[in-house]
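Since the structure comes first, as structure tokens, the remarks are kept for the end.
The values are calculated or read from the model by the stated rules, or taken from the named source; none is laboratory data. Because the structure is predicted, anything quoted here is derived from the model rather than measured. Note that we place each Cβ from the backbone using ideal geometry, even for glycine, and neighbour counts take in every protein chain shown.
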Amino acid sequence: MRLGIFGGTFNPIHLGHLLIAEDAAEAFHLDRVVFIPSATPPHKRPRVIAPAPHRMRMVKLAIQGNTRFTSSDIEVRRGGPSYSVETLRHLRAAMPRAEFFFLIGTDSLRELHKWKEAPALVNLCEFICVTRPGERVARCRLRGARVRRLTGHPTDVSSTDIRNRLTHGGTIRYLVPDAVRRYIERCRLYR
Ligand code: ATP
């Protein structure tokens, strides 16, 4: 089993995330990609963060119908700061024979050496590095990290932009799956 691990705040999940996951699954022959929303992101503190159950629900709505995609609430249930090393250890214990591929943005890859127990993390998984349009390829300063690059469909979509649009009453149609857009409207998130 080759398992893609996609951690993020998903505040909210958007088409950029979905494209990355689909491209990575195809390029690296992943059997599954698991979307894992973080409880409290240790590296980012956006001012408006939707409660975890809402972010979890939006992930589920976004991935429904894709049999390769699944989600896990392991970080949300654990609560507190979400450290990837703890998540990977948990998954490794549950699936000792699986190979793990951790999807990571260039910004995060550059900072990987500062993550909790980084040297242990590199023994638990390989990394698939995704690049945003215009971003330079990041160098990973962590010794022993196995990093592959994804050349997919770089898209200039971000959760920050989506939240800003919602705050100002702008449209988010086509930036998130329709089911997610309707959920955001119904629950009046990010207003
Ligand atoms: P925010 O704008 O709130 O910082 P985000 O859009 O970066 O959020 P996250 O949930 O933080 O979304 O993303 C999870 C991971 O996906 C991060 O590693 C991030 O760099 C990466 N990512 C998100 N959107 C894109 C995109 N359009 N292209 C490439 N990578 C992306």
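Some notes on this structure:
- Qualifying residue in the range 75-98 (condition: within 19 Å of Arg181 (Cβ to Cβ) and without any contact (Cβ under 8 Å) to a residue 60 or more places away in the chain): no
- Any hit, the range 89-100, residues being within 11 Å of the ligand (Cβ to nearest atom) and either modelled with pLDDT under 95 or buried (at least 16 other Cβ atoms within 10 Å of the Cβ) (or both): no
- Just one of the listed residues (Val33, Val85) is surrounded by fewer than 19 Cβ atoms within 10 Å (Cβ to Cβ) and in contact with a Leu (Cβ under 8 Å, 6 or more places away or on another chain), and it is Val85.
- Unique match (being part of a helix (DSSP H, G or I), under 17 Å from the mean Cα position of the chain (by Cα) and either without any contact (Cβ under 8 Å) to a residue 24 or more places away in the chain or within 16 Å of the ligand (Cβ to nearest atom) (or both)) among Leu103, Leu121: Leu121
For every residue, the table says whether it meets (1) modelled with pLDDT under 95; (2) more than 15 Å from the chain's Cα centre (by Cα).
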site: Phe127; (1), (2): no, no
site: Thr131; (1), (2): yes, no
site: Arg136; (1), (2): yes, yes
site: Arg143; (1), (2): yes, yes
site: His168; (1), (2): yes, yes
site: Ile172; (1), (2): no, yes
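- Subset of the range 126-172 that is without any contact (Cβ under 8 Å) to a residue 40 or more places away in the chain, within 10 Å of the ligand (Cβ to nearest atom) and not in a loop (DSSP other than H, G, I, E, B) - its residue that is nearest to Trp115 (Cα to Cα): Cys129
- Checked against the criteria, Gly79 counts as small (Gly, Ala, Ser) and at positive phi.
- Qualifying residue in the range 1-21 (condition: of a type in the set (Ser, Thr, Tyr), surrounded by 18 or more Cβ atoms within 10 Å (Cβ to Cβ) and touching a Phe, Trp or Tyr at 6+ places or on another chain (Cβ under 9 Å)): no
- Residue check, His29 touching a helix residue (DSSP H, G or I) at 6+ places or on another chain (Cβ under 9 Å) and either outside any strand (DSSP E or B) or at pLDDT below 95 (or both): no
- Residue match in the range 61-82 (condition: near the ligand (Cβ under 10 Å from one of its atoms) and either among the aromatic types (Phe, Trp, Tyr) or assigned to a helix (DSSP H, G or I) (or both)): no
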